[in-house]
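A.B. asks: Following this message is one structure expressed as structure tokens.
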Amino acid sequence: MGIVLTAVAGFVDAVGFIELGGFFASFMSGASISLGVSASGTDWVAMYHATVLIAVFVIAATIASVISGVMRPLGVATAILLEAACLTGAILMIESGWSSSDSVVPVVAAMGIQNTALRPISGIRLGVTFMTGTLVSLSQALGRLLIGRARSWSWAPHALIWFLFVAGAVAGAVLHRKYGFIAIAVPTLVVWALGAFTFIAALVEIRKQKRLEGVAT
């Protein structure tokens, strides 16, 4: 699930980047810098857009964190389905004639949800929309390998995550050239399928646990 969502993140981020003319839909460091720069020059329009993106991202990520923590073991599946709903909302908006700058708002919400839906596994962050931490972890793993303090392939998972993110971005850019913003329909369908599968798997696990508890009693 995490591997698929990592590629999805690259795909969606690439489409958002192209649509917004060089502004990432999920890179909140960039949005924060834009807010600071625009504030220094009192560019109220840019400040407004940056503030909206940051607020939407934080609110969506907070909601996903609450869902993942409160609704266990269905929390992750519910969060992913919510992400799929947000992406679907973006598609419906663009098809209804909304501008790209407006339609990208639910995309930002979807990426906020995705960043908090999954928890790190063995120090590897899956499904995130930023690669700085992954490249730092890759560098640290390579450094430990060079001084003989790590296994030969300890760096490989971090490199794989980076590669999948870039591969997703390539796919997003290629399909955007052909179909425009509506290209996000591809990852949207993937996320819907992944969410449904995860939800069903969680229900099966719940039934299994109840059956085992019944046998134990």
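A.B. asks: Residues that are in a helix (DSSP H, G or I), open to solvent by 80 Å² or more (accessible area, probe 1.4 Å), farther than 22 Å from ALA84 by Cα and not aromatic (Phe, Trp, Tyr): does the stretch 183-201 have at least one?
C.D. replies: The answer is no; no qualifying residue exists.
A.B. asks: Got at least one residue in the stretch 116-129 being small (Gly, Ala, Ser) and at pLDDT 90 or above? Write out each step before concluding.
C.D. replies: Here is the first cut: in the stretch 116-129, the ones small (Gly, Ala, Ser) are 117, 122-123, 127.
Next, from what is left, pick out any that are at pLDDT 90 or above: none.
There is no residue in the stretch 116-129 that is small (Gly, Ala, Ser) and at pLDDT 90 or above.
A.B. asks: Residues in the stretch 132-181 that are open to solvent by less than 50 Å² (accessible area, probe 1.4 Å) and outside any helix (DSSP H, G or I): how many?
C.D. replies: Residues in the stretch 132-181 being open to solvent by less than 50 Å² (accessible area, probe 1.4 Å) and outside any helix (DSSP H, G or I): 2 in total.
So that you can scan it fast, the table gives a plain yes or no per residue for (1) on the phi < 0 side of the Ramachandran plot; (2) in a loop (DSSP other than H, G, I, E, B); (3) open to solvent by less than 40 Å² (accessible area, probe 1.4 Å):
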position: ILE3; (1), (2), (3): yes, no, no
position: SER32; (1), (2), (3): yes, no, no
position: ALA39; (1), (2), (3): yes, no, no
position: VAL45; (1), (2), (3): yes, no, no
position: ILE67; (1), (2), (3): yes, no, yes
position: ARG72; (1), (2), (3): yes, yes, no
position: LEU87; (1), (2), (3): yes, no, yes
position: GLY97; (1), (2), (3): no, yes, no
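A.B. asks: When both residues are 6+ apart or on different chains and their Cβ atoms are under 7 Å apart, which pairs have a first residue that lies in the stretch 60-89 and is in contact (Cβ under 8 Å) with a residue 60 or more places away in the chain, and a second that is open to solvent by 40 Å² or more (accessible area, probe 1.4 Å)?
C.D. replies: Close Cβ pairs (under 7 Å, with a partner that is open to solvent by 40 Å² or more (accessible area, probe 1.4 Å)) amount to PRO73/GLU205; PRO73/ILE206; LEU74/PHE199; ALA77/PHE199; THR78/MET71; LEU81/PHE199; ALA84/TRP192.
A.B. asks: May I ask you to list pairs of residues, at least six apart or on different chains, whose Cβ atoms are under 6 Å apart, with the first in the stretch 178-202 being under 18 Å from VAL108 (Cβ atoms) and the second being of a type in the set (Gly, Ala, Ser) and crowded, with 20+ Cβ neighbours inside 10 Å?
C.D. replies: Matching pairs, first to second residue: VAL191/ALA84.
The values are calculated or read from the model by the stated rules, or taken from the named source; none is laboratory data. Predicted model only: the values in this text are computed from it and were never measured. All Cβ positions, even for glycine, are placed from backbone atoms using ideal geometry, and neighbour counts span all protein chains on display. In case anyone asks, the SASA skips ligands and DNA or RNA and just uses the protein heavy atoms, side chains included. Shrake-Rupley method; radii C 1.70, N 1.55, O 1.52, S 1.80 Å.
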